[in-house]
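The values are calculated or read from the model by the stated rules, or taken from the named source; none is laboratory data. Here the structure is a predicted model, which means the values were calculated and not measured. As a convention, Cβ positions derive from the backbone with ideal geometry for all residues, glycine included, and neighbour counts pool all protein chains shown. The accessibility values were calculated without ligands, DNA or RNA, using every heavy atom of the protein model including side chains. Shrake-Rupley method; radii C 1.70, N 1.55, O 1.52, S 1.80 Å.
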Amino acid sequence: MCNIKKGDLVVAKKGRDFGKTFLVVDVEDKFLYLVNGKERKVSKHKKKNAKHVKKVSNASLIELVKKINNGESVGNKTVYRNLKAQTQKIQED
């Protein structure tokens, strides 16, 4: 089992999404469900094997994930902006 949980930020290590940052919206056994608000929309998340991603940091957007999982309206633009802001914050540190 991996140490990645809902709300974590990850970077794809394999596949056509290589190098892109994603938000984990769900975890199921060895698979993660990822969104980034651009290519991978909230309505059509990406299912990816956990060993093909790397956790970026301990940064988490759990409040955003809770809204998505509760069925509240969260736009792709909101996900993209939060992900971009969090990524920039990580790069500054």
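Computed quantities for the displayed model
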quantity	calculated
Number of positions in the stretch 5-16 that are touching a His at 6+ places or on another chain (Cβ under 8 Å), within 18 Å of Ser60 (Cα to Cα) and assigned to a loop (DSSP other than H, G, I, E, B)	0
Sole residue being touching a residue at least 40 places away in the same chain (Cβ under 8 Å) and within 16 Å of Gly19 (Cα to Cα), chosen from Lys46, Lys51	Lys51
Near pairs, Cβ below 8 angstrom, 6+ apart or cross-chain, from the stretch 70-84 (basic (Lys, Arg)) to any residue that is part of a loop (DSSP other than H, G, I, E, B)	Lys77/Gly37; Arg81/Gly37
The one condition in (1) open to solvent by less than 60 Å² (accessible area, probe 1.4 Å); (2) modelled with pLDDT of 90 or more; (3) not in a loop (DSSP other than H, G, I, E, B) that Gly19 fails to fulfil	(3)
Some residue of the stretch 57-77 being open to solvent by 50 Å² or more (accessible area, probe 1.4 Å), modelled with pLDDT of 85 or more and within 13 Å of Phe22 (Cβ to Cβ)	no
Residue satisfying condition, being within 16 Å of Leu83 (Cα to Cα) and surrounded by fewer than 19 Cβ atoms within 10 Å (Cβ to Cβ), within set Lys41, Lys13	Lys41
